[in-house]
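Below you'll find the structure, written out as structure tokens, and then a few comments.
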Amino acid sequence: MEQLSTLHYLMAGALGLGLAACSGFRVFVPLLAASVAHRAGWLPSSQGFEWLSSWPALLMLATATGAELVGYYVPFFDHLLDTLTTPASFIAGTLLMTSSLTHLDPTLRWTLGILVGGGAAGLVQGSTALLRAGSTATTGGLANPLFASLENVLAVVGTLFTLLLPLVAAGLVLGLLVFLASRWQRWRQRRVLAGQAGVGQPASSPTSGGFA
């Protein structure tokens, strides 16, 4: 019985982590998928999150998903979306992680939701925003539509993969988070060294500064 219980908690945590990370690519894609899954009975309903499976929520999330997927193809508007989705992805990641941990104490659920779910979504979204800024600086925005397409694919495929194989998806997400965290650290160190080298030198872009 303990093994089944442990597996249940692992599956729930893996599902929440995978969906939270995907919300860093596109905020509303995993939320819409979770709404459909709850509505269809694929995922169990979580206390306090019954609204997620309601028809109004599903319709609003579907509309927001379509607008977000298309909006990143509009020049300059994509950077505005990054500004808006940075805090939104943290909220979405927190909600997705918290709603997945159905049988934990509410305080523990929200703590893990904020730290793990929100943190994972924020790290992924912040990294993509930084890379998009580097793409704009180096290509004048010409590569941004290609980058947006890659993000769309990762969000959709990653969400579906998480729903089907949550443990495997969580393992891949952990590897991605470790990679992104190391790149952030490397990029920050390069900026510090560049600042110590003297003012007047051109600031490095995220791609030329070692983040990519």
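Please treat every number below as a calculation from the coordinates, not as lab data. All of these numbers come straight from a predicted model, not from anything done at the bench. Positions of Cβ are generated from backbone atoms using ideal geometry, with glycine treated the same way; all protein chains shown enter the neighbour counts.
Give me, ordered by chain and number, the residues 5 or more places off Gly141 or on other chains with an amide H under 5 Å from its own placed amide H.
Amide H neighbours of Gly141: Thr136.
Give me a comma-separated list of calculated 3J(HN,Hα) values for segment 108-115, in order, Karplus coefficients 6.51, -1.76, 1.60 applied at θ = phi - 60°, integers in Hz, x for any Gly or Pro.
5, 4, 5, 5, 5, x, 5, 6
Taking R0 as 35 Å, what FRET efficiency do you get between Ser45 and Ala143 from their Cβ-Cβ distance, rounded to the nearest 0.05?
Plugging the Cβ-Cβ distance into 1/(1 + (r/R0)^6) gives 0.25.
Tell me, in nm to one decimal, what length is gained between Leu174 and Arg190 on full extension, where the rule is 0.36 nm per residue of separation less the Cα-Cα distance?
Here the answer is 3.3 nm.
Please list 3J(HN,Hα) in residue order for segment 43-49, calculated via the Karplus relation 6.51 cos²θ - 1.76 cosθ + 1.60 where θ = phi - 60°; whole Hz, with x for glycine and proline.
10, x, 6, 10, 4, x, 10
Counting Lys +1, Arg +1, Asp -1, Glu -1, what net charge surrounds Ser127 among other residues with beta carbon under 13 Å of its beta carbon?
That sum, taken over residues with Cβ under 13 Å, equals +2.
Scan (1) 56, 40, 25; (2) 41, 35, 31; (3) 62, 37, 26 for the value of Cα extents along the principal axes in Å calculated from this model and give just the label.
Here Cα extents along the principal axes in Å agrees with entry (3).
In nanometres, what is the gap between the two model label sites at Leu59 and Leu7, each 7 Å from Cα along Cα-to-Cβ?
Those two pseudo-labels are separated by 4.1 nm.
Step through the residues of segment 76-85 one at a time and calculate ³J(HN,Hα) from phi using the Karplus curve (6.51 cos²θ - 1.76 cosθ + 1.60, θ = phi - 60°), rounding each to whole Hz and writing x for Gly and Pro.
My calculation for segment 76-85 gives 6, 5, 5, 6, 5, 4, 4, 4, 6, 7 Hz in order.
Could you work out the relative contact order of the chain, using alpha carbon pairs under 8 angstrom and six or more residues apart, expressed as a whole percent?
Normalised by residue count, the contact order of the chain is 29 percent.
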